[in-house]
Amino acid sequence: MSTSVIPLNRHRPLADIVERARDADRLAFLDSSMPGTQGRYSILGLFPYLIIEQKHGACLVNGKPVKSSFFDVVKEHLQADAGTKDPPLPLTGGALGYLGYDFGRELCGVPTVHERNSEVPEANMVFYDLLIIEDLRKQALFCCCKGKTMTADEAAAWADDLIARCPCVSRPARKNSLAPFASAFTRESYEDTLARLVEYLHAGDAYVVNMTQQLSLETSEDPYSIYRYLRTYNPAPFSAYLRAPGLDICCSSMERFMEIRSGHAVTRPIKGTRPRGRTPAEDLAYREELACSEKDLSELTMIVDLERNDLSITCEPGSIKTAGRFSVEAYPTVFHLVATVEGALREDRCAVDAVQAAFPGGHHGRPEDPRDADHRRARTIEQGLVHGQHRILLGYRRLRPEHRDPNHRTRREKDIARRRRRHHRGIRFRFRIRRNAAKGPGAARGGVKLNPRPESAAR
C-alpha cells in the first residue's frame with residue numbers, strides 16, 4: 001500500500017504539537033531542535049502498526065518471537081514498505097526507533113558481567129501509520145499516512161484538529177541547578193577501575209577504552225517537560241524524544257551515526273570537545289585550542305580510520321573517502337571536532353546492511369568463535385574490572401592473539417606496542433618526512449618521492 005502525502009494548511013512547531021500527543025503509548029519525535037545544514041526536518045510518528053524488538057536475545061514482531069534475526073526482519077518489512085518517492089521529504093515510509101549499546105555488544109560477541117536491571121528492549125523499530133513532518137526552512141507541515149489504521153482523509157483531518165487545539169507553550173524557565181543525581185561509582189571504585197584500564201592500555205591489550213557509568217536521579221517532572229528543557233537550552237541537530245511502555249528517551253546529539261541517500265552513505269564521527277567561552281576572546285581561544293590539539297586530532301584520525309573500515313564492508317572499493325579537512329563546529333554549549341566519511345553502497349547492499357556492518361561505530365569486527373583469543377581476552381578484561389551497576393564499554397579493541405608476559409616481549413614486540421599507542425598517523429608521517437629530508441629535497445623511498453604535504457593533509 002502506497003503512502004499518501006498531504007500538505008497541511010496551518011503551521012505550528014512540531015515540538016508544540018507533541019504536547020497534545022505525548023500521552024500516547026508509543027510515539028517517536030525526531031527533532032531538529034538546532035536547525036541548520038545538518039537539521040532541516042522534524043518528524044513525529046504516531047499510531048504504530050508494526051513493532052520489531054530485540055529482547056533477551058530474541059527478536060519479537062508485535063510481541064511474538066520469530067526465528068529470523070532483528071536486522072533481517074527489519075530489512076524484510078522495509079522492502080515491503082518503501083513509502084512514496086517524494087524528494088522534498090526525508091521520510092514517507094519506514095521505521096523509527098533505537099539501537100542500544102547492549103545490542104551492539106551482543107552483535108560483537110562481547111560478554112558482560114552485569115546483571116540485567118531493566119526490561120527495556122535492546123533494540124526497537126516501529127512502523128507508524130501516521131507521520132507529521134515539519135520543514136523548518138519553509139515553515140510547512142506535511143501529513144504522511146499508510147492507511148493501516150485510518151484513511152488518508154481521516155489522518156489529515158485528525159492532524160488538522162490536533163494542530164488547531166495545540167496549546168501555546170511558553171519557554172521553560174532557566175534553572176540555576178538541576179535535580180541531584182547519584183553515580184554507581186564510588187570514588188575508590190572509579191580510581192581502581194581507571195588504574196586497571198591504564199594497565200590494559202600499556203600492555204597493548206586495548207588502545208581505546210570508553211568507560212561509561214550510569215547516573216540516576218529522582219524527579220517529579222514528566223519526561224517530555226525534561227525534554228523541552230533539554231532542547232531549549234542544549235539544542236542539537238539530532239535531538240529526539242521516544243516514548244514506549246516503561247521507557248522515555250530524551251536525546252540531544254550533535255553526531256550523525258549514518259545517513260544513506262540514493263546509495264550514498266555518510267557518517268560524521270566526533271572526537272574532541274571544548275566548552276563555549278564566556279567572552280568572545282575566551283570563545284576563540286577554546287576553538288583554537290581544540291583545532292590544534294594533537295590528542296584530539298589523534299583520536300579523530302583513529303575513529304575515521306575505523307569507520308572507513310566499517311563502510312568498506314558494504315561500500316564499493318575505492319569509493320570511501322574523507323570529505324575535506326577536520327573541522328571545529330560550534331554548538332550552543334560546546335565546540336566539537338568533526339570529520340565526514342562517505343562512500344557509495346554496493347548494488348547488492350542496502351541501508352540496513354550498512355547500519356548492521358557499522359554498528360557500533362569502529363568496533364573492529366566481530367569474533368567468529370566465542371572460544372577465540374579476542375573473545376576470551378575481552379571477557380578477562382571486563383571481569384577483572386571493579387564495578388557495580390555501571391557499564392564498561394570496551395570499544396575499538398585490537399587484542400593480541402597471544403597473551404605473553406609484557407616483561408618478556410622481544411624488542412620488535414615492544415616497538416610494535418609503542419607504535420600502536422602512538423596511533424596518530426600524522427605523527428608517523430611527519431617522522432618519515434624529516435628522516436628523508438636529511439638525504440636532500442625530493443628524497444625517494446621505494447622509487448616514490450615523498451614530498452612534504454600541508455599539516456592538514458598529514459592529519
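In this structure, is Ser189 outside any helix (DSSP H, G or I) and either within 30 Å of Pro35 (Cα to Cα) or in contact (Cβ under 8 Å) with a residue 40 or more places away in the chain (or both)?
Considered against the rule, which asks whether it is outside any helix (DSSP H, G or I) and either within 30 Å of Pro35 (Cα to Cα) or in contact (Cβ under 8 Å) with a residue 40 or more places away in the chain (or both), Ser189 comes out as no.
With (1) outside the structural domain of Thr92 (by TED's automatic domain parsing); (2) exposed (fewer than 14 other Cβ atoms within 10 Å of the Cβ) as the list, and Ala173 as the residue in question, which single condition is left unmet?
(1) is the only condition that Ala173 fails.
Could you go through region 67-79 and let me know if any residue there is part of a strand (DSSP E or B) and either in the same structural domain as Ala140 (by TED's automatic domain parsing) or of a type outside the set (A, V, I, L, M) (or both).
no
Within region 122-140, track down each residue that is more than 20 Å from Leu78 (Cα to Cα) and out of contact with any helix residue (DSSP H, G or I) (no Cβ under 7 Å at 6 or more places or on another chain).
Correct list: Asp135, Leu136, Arg137, Lys138, Gln139, Ala140.
Any residue in region 324-336 that is at pLDDT 90 or above and within 15 Å of Met258 (Cβ to Cβ)?
The answer is no, given that none of the residues of region 324-336 is at pLDDT 90 or above and within 15 Å of Met258 (Cβ to Cβ).
Give me a count of the residues in region 227-274 that are over 20 Å from Ser33 (Cα atoms) and among the charged types (D, E, K, R).
3
Tell me whether region 198-206 contains one or more residues that are at pLDDT below 90, within 24 Å of the chain's Cα centre (by Cα) and either outside any helix (DSSP H, G or I) or more than 18 Å from Phe29 (Cα to Cα) (or both).
yes
Considering (1) touching a helix residue (DSSP H, G or I) at 6+ places or on another chain (Cβ under 9 Å); (2) more than 21 Å from Arg171 (Cα to Cα); (3) surrounded by fewer than 17 Cβ atoms within 10 Å (Cβ to Cβ), say which one Gly204 fails and leave the rest.
It is condition (3) that Gly204 fails.
Taking the condition among the hydroxyl-bearing types (Ser, Thr, Tyr) and in contact with a Leu (Cβ under 9 Å, 6 or more places away or on another chain), does Ser68 pass?
So Ser68 fails the test.
Would you confirm whether any residue within region 335-343 is in contact (Cβ under 8 Å) with a residue 40 or more places away in the chain and not in a strand (DSSP E or B)?
yes
Pick out the one residue from Gly45, Gly63, Gly39 that is over 19 Å from Val355 (Cβ atoms), over 19 Å from the mean Cα position of the chain (by Cα) and either assigned by TED's automatic domain parsing to the domain that holds Ala140 or surrounded by fewer than 18 Cβ atoms within 10 Å (Cβ to Cβ) (or both).
Selected residue: Gly63, the only one of Gly45, Gly63, Gly39 that is over 19 Å from Val355 (Cβ atoms), over 19 Å from the mean Cα position of the chain (by Cα) and either assigned by TED's automatic domain parsing to the domain that holds Ala140 or surrounded by fewer than 18 Cβ atoms within 10 Å (Cβ to Cβ) (or both).
Anything in region 29-66 that is aliphatic (A, V, I, L, M) and part of a loop (DSSP other than H, G, I, E, B)? List them, or say none.
Just the residues of region 29-66 that are aliphatic (A, V, I, L, M), to begin with: 30, 34, 43-44, 46, 50-52, 58, 60-61, 66.
Once the filter is applied, which keeps residues that are aliphatic (A, V, I, L, M) and part of a loop (DSSP other than H, G, I, E, B), region 29-66 yields only Met34.
Out of the residues in region 299-332 meeting the condition of being farther than 24 Å from Ala357 by Cα and out of contact with any helix residue (DSSP H, G or I) (no Cβ under 7 Å at 6 or more places or on another chain), tell me which one is surrounded by the fewest Cβ atoms within 10 Å (Cβ to Cβ).
Gly324
Inside region 233-256, can you point out the residues that are touching a helix residue (DSSP H, G or I) at 6+ places or on another chain (Cβ under 6 Å) and buried (at least 20 other Cβ atoms within 10 Å of the Cβ)?
Ser239, Tyr241, Ser252
Which condition does Ser42 not pass, out of (1) among the hydroxyl-bearing types (Ser, Thr, Tyr); (2) at pLDDT 90 or above; (3) touching a Cys at 6+ places or on another chain (Cβ under 9 Å), if it passes all the others?
(3)
The values are calculated or read from the model by the stated rules, or taken from the named source; none is laboratory data. Keep in mind that this is a model prediction, so the values were computed, not measured. Methodologically, a virtual Cβ is constructed for each residue, glycine included, from the backbone with ideal geometry; neighbour enumeration extends over all protein chains shown.
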